[in-house]
Structure formats: C-alpha cells, structure tokens
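Encoded as structure tokens, the structure appears first; notes follow it.
The values are calculated or read from the model by the stated rules, or taken from the named source; none is laboratory data. Fair warning: this is a prediction, and the values are worked out from it, not measured in the lab. With ideal geometry, Cβ positions are generated from the backbone for all residues, glycine too; neighbour counts draw on all protein chains shown.
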Ligand code: XIL
C-alpha cells in the first residue's frame with residue numbers, strides 16, 4: 001500500500017446526540033476533546049425537526065451546534081432526504097398529493113436555518129438498492145412519487161436553499177467482496193456519473209463504511225478503485241459513519257477489540273491512500289451509547305454475556321476508556337486534531 005497522503009489535514013469526527021451529551025459529562029468531555037467534527041445522529045432528520053406537521057423542534061440541533069462551536073468543532077448536516085427518517089404524516093401527504101413543494105419547504109427550512117453554520121449536507125441518504133430497486137435506485141416513497149430524478153430535484157432544491165453549501169449523497173454497502181456490494185459500487189458510480197453529466201449540483205459523497213466482521217476480507221484493490229473512480233469525477237469523499245459490526249461475541253474482550261481495530265486499520269489503510277478522502281467520522285463514540293445491535297445469527301455465548309452482549313464496534317468502551325480502535329484512528333488520522341480546530 002502506498003504512503004497515506006496528507007494525514008495531518010484530515011478531520012476526525014463522530015456522530016453525537018445532545019441529550020446524551022447533556023446527561024453524561026464524561027461523554028461530553030470525550031466528544032469535545034477527541035473529535036474535530038460532530039454529526040447530529042438524529043436531531044436534523046425530518047422526523048426529529050418536524051415529527052408532527054407544522055411543529056418544529058430545532059432545540060436539540062441548536063444545542064448540539066452550540067456545543068460544537070464552544071469546542072471549535074465543525075458540524076456535518078445529516079440528512080435531508082431519507083425514507084427511514086421521514087415522518088409518517090409527510091410520507092402520507094407525498095403519496096396523496098405528489099407535491100414537491102412539501103420536500104422543498106422542508107429543505108429550505110432546515111438548510112436555511114443552519115446555512116451559516118453547516119457547510120456540508122447529506123442531501124439524499126441511501127438512494128441505492130440493487131436488489132429490489134429500479135435501475136439500482138431504491139424504490140422509496142420519493143422515487144415512487146417523483147420518479148428516479150427525485151435525487152436531482154433534491155440536489156437542485158438544496159442548492160437553491162444554500163448556494164454556498166457542499167452537497168453530498170451518503171450511502172452504505174461498498175466495502176466487501178460479495179455480489180451485492182459489487183453491484184452497489186457500480187450502481188453508485190453510474191448514479192454519480194449521471195448526475196454530473198446533467199450538471200446537477202453535487203460536490204462530494206459520504207461513504208458510510210459500516211464495517212462488518214461477518215463479510216470476509218476487504219478487497220483492497222476494488223475499494224481503492226471505487227474511491228479513485230469517485231475522485232476522478234472531481235468529487236470529495238467523506239467517510240461518514242465508520243463503525244464495526246461484530247458477529248462473534250464469544251472470544252475474549254481483548255481478542256474482539258483487536259479484531260475490531262484490525263478491521264478499521266485495514267479499511268483506513270486503503271481509504272486514506274486516496275487523497276480525495278477528507279475526513280473520517282465514526283457512527284458513535286462509546287459502547288455506552290451504541291446504535292450497534294446484536295442480531296439474529298450472531299454468535300453469542302449465553303454464559304458469558306447473558307442475553308445482552310455489549311457491542312465493541314466503537315472507539316471507546318462503556319467506561320469511556322479508549323480501545324484499540326481508538327488507537328487505530330489516532331494512528332491513521334487523529335494526531336493533529338487540535339491544530340485543525342478553528
Ligand atoms: C441511526 C441512528 O444511529 C439511530 O439512533 C436511529 O434510530 C436511526 O438512525 N445510516 C444512517 C444513519 O445514515 O442516519 C443511521 O443512524 C444509521 C444508518
């Protein structure tokens with residue numbers, strides 16, 4: 001593997017929830033001291049800002065932004081259009097009325113409010129589905145109501161709402177060597193090419209990078225070629241949701257932690273060779289508040305863990321002690337984070 005380029009200029013970020021930060025001083029100190037960028041885990045999603053029609057709830061976003069600003073951190077805008085975080089009332093209205101104005105008002109309201117603080121926005125989250133989709137695009141409500149060019153429309157609308165903002169598509173499932181992820185990489189590249197050919201405002205991509213210890217070795221050449229193809233289109237690349245899904249919880253803690261950190265090292269060795277990769281954000285900070293779940297089919301030793309096997313796929317453990325994954329991140333990217341604060 002070639003030398004990692006310009007690591008000193010890359011940002012390390014994490015997603016966070018202000019309610020958790022406010023209730024947990026240790027977590028607050030950890031987020032504040034270890035990361036240069038913060039992504040609201042839930043607060044910017046449509047079902048958070050407007051869970052009930054016309055009742056807006058920007059308090060948590062405002063408080064997380066204030067926290068980030070106190071700590072000299074950037075804030076990443078996640079996510080404007082995502083089926084899973086669209087409130088039911090909006091999905092219902094979209095299906096009933098087919099009115100783009102509803103999407104437009106949402107995008108303008110959210111981006112307009114944070115135009116001066118948030119520079120990068122995940123405009124469409126998870127548009128790819130090669131298994132049940134249409135031409136590789138997920139058959140979500142937006143696609144069904146407005147057709148596949150809802151993506152173009154969302155990007156155009158976002159560009160109107162905040163002309164200075166960098167606009168992203170954010171997507172998962174590009175890291176492994178199986179037919180689904182081979183197809184997903186190809187579908188994503190053709191979507192990007194189509195959008196750029198049409199002159200749609202698209203400036204960067206978010207690669208979620210939810211790593212998974214059950215999916216076999218990471219195919220270095222395929223992943224490097226994929227990232228190079230994105231860079232060749234002139235797009236910046238942000239690793240937006242890095243974490244590691246464990247599958248086998250039966251080994252010792254030390255062994256599990258090494259597996260997690262080895263996977264992160266393998267991935268970042270590949271990804272950070274690509275100069276277009278600007279930042280790495282982990283999807284969470286500590287196992288105390290982890291979105292990672294034990295799933296059916298995972299190997300769990302009931303005697304060791306009872307029914308709850310805590311996940312270890314994030315950089316800090318549930319006592320906020322740094323784990324080998326944290327060291328892997330520091331080695332790859334983190335050393336100069338203080339100098340990057342603005
Ligand atoms: C997840 C959050 O972590 C959960 O707390 C929430 O309940 C659902 O969303 N891909 C994404 C993120 O883009 O927004 C998701 O976050 C995780 C998968």
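Restricting to segment 70-106, and then to whatever is within 16 Å of the ligand (Cβ to nearest atom) and either at pLDDT below 95 or part of a loop (DSSP other than H, G, I, E, B) (or both), can you tell me which residue is farthest from residue 13 (Cα to Cα)?
In this case the residue turns out to be 87.
Just to be sure I understand, how many residues within segment 221-237 are part of a helix (DSSP H, G or I) and touching a residue at least 24 places away in the same chain (Cβ under 8 Å)?
Qualifying residue count for the region: 9.
Select the helices (runs of 4 or more DSSP H) contained entirely in segment 273-342, then report the ones holding at least 3 residues which are modelled with pLDDT of 90 or more and over 22 Å from residue 17 (Cβ atoms).
Filter on segment 273-342 gives 324-332.
Only one residue in 250, 266 is in a loop (DSSP other than H, G, I, E, B), closer than 15 Å to residue 213 by Cα and in contact (Cβ under 8 Å) with a residue 12 or more places away in the chain. Which one?
Testing whether each residue is in a loop (DSSP other than H, G, I, E, B), closer than 15 Å to residue 213 by Cα and in contact (Cβ under 8 Å) with a residue 12 or more places away in the chain leaves just 250.
With the requirement that a residue be farther than 18 Å from residue 155 by Cβ and in contact with a strand residue (DSSP E or B) (Cβ under 8 Å, 6 or more places away or on another chain), what does segment 88-108 give you?
Once the filter is applied, which keeps residues that are farther than 18 Å from residue 155 by Cβ and in contact with a strand residue (DSSP E or B) (Cβ under 8 Å, 6 or more places away or on another chain), segment 88-108 yields only 89.
Give the residues of segment 57-68 that are more than 16 Å from the ligand (Cβ to nearest atom) and surrounded by 14 or more Cβ atoms within 10 Å (Cβ to Cβ), sorted by residue number.
58, 62, 63, 65, 67, 68
Kindly indicate which of 280, 294, 285 is more than 15 Å from the ligand (Cβ to nearest atom) and buried (at least 19 other Cβ atoms within 10 Å of the Cβ).
The match here is 280.
Would you mind stating whether residue 22 is closer than 25 Å to residue 155 by Cβ, part of a helix (DSSP H, G or I) and either within 16 Å of the ligand (Cβ to nearest atom) or touching a residue at least 12 places away in the same chain (Cβ under 8 Å) (or both)?
Answer is no for this residue.
Would you check which residues across segment 27-56 are part of a helix (DSSP H, G or I), within 16 Å of the ligand (Cβ to nearest atom) and farther than 15 Å from residue 85 by Cβ and list them?
27, 31
For residue 196, indicate whether it is at pLDDT 95 or above, within 16 Å of the ligand (Cβ to nearest atom) and not in a loop (DSSP other than H, G, I, E, B).
No: the conditions fail for residue 196.
Please specify each residue of segment 149-162 satisfying the condition of being assigned to a loop (DSSP other than H, G, I, E, B) and surrounded by fewer than 19 Cβ atoms within 10 Å (Cβ to Cβ).
Hit for segment 149-162 is 149, nothing else.
Has segment 21-34 got at least one residue that is touching a strand residue (DSSP E or B) at 6+ places or on another chain (Cβ under 7 Å) and crowded, with 21+ Cβ neighbours inside 10 Å?
The answer is yes, given that some residue of segment 21-34 is touching a strand residue (DSSP E or B) at 6+ places or on another chain (Cβ under 7 Å) and crowded, with 21+ Cβ neighbours inside 10 Å.
Go through segment 134-145 and give me each residue that's within 22 Å of the chain's Cα centre (by Cα) and free of Cβ contacts under 8 Å to residues at least 40 places away in the same chain.
Of everything in segment 134-145, those that are within 22 Å of the chain's Cα centre (by Cα) and free of Cβ contacts under 8 Å to residues at least 40 places away in the same chain turn out to be 139, 143.
Looking at segment 163-188, which of its residues are closer than 12 Å to residue 130 by Cβ and not in a loop (DSSP other than H, G, I, E, B)?
The answer is 171, 179, 180, 181, 182, 183, 184, 185, 186, 187, 188.
Just a yes or no: is a residue in segment 198-218 under 22 Å from residue 279 (Cβ atoms) and out of contact with any strand residue (DSSP E or B) (no Cβ under 9 Å at 6 or more places or on another chain)?
No, the conditions are met nowhere in segment 198-218.
Looking only at segment 106-132, which residues are without any contact (Cβ under 8 Å) to a residue 40 or more places away in the chain and surrounded by 16 or more Cβ atoms within 10 Å (Cβ to Cβ)?
If the condition is that a residue be without any contact (Cβ under 8 Å) to a residue 40 or more places away in the chain and surrounded by 16 or more Cβ atoms within 10 Å (Cβ to Cβ), then 129 is the only one that fits.
Taking segment 107-141, which residues are away from the ligand (no atom under 16 Å from the Cβ), in a helix (DSSP H, G or I) and under 22 Å from residue 161 (Cα atoms)?
Within segment 107-141, 107, 108, 109, 111, 112, 113, 114 meet the criteria.
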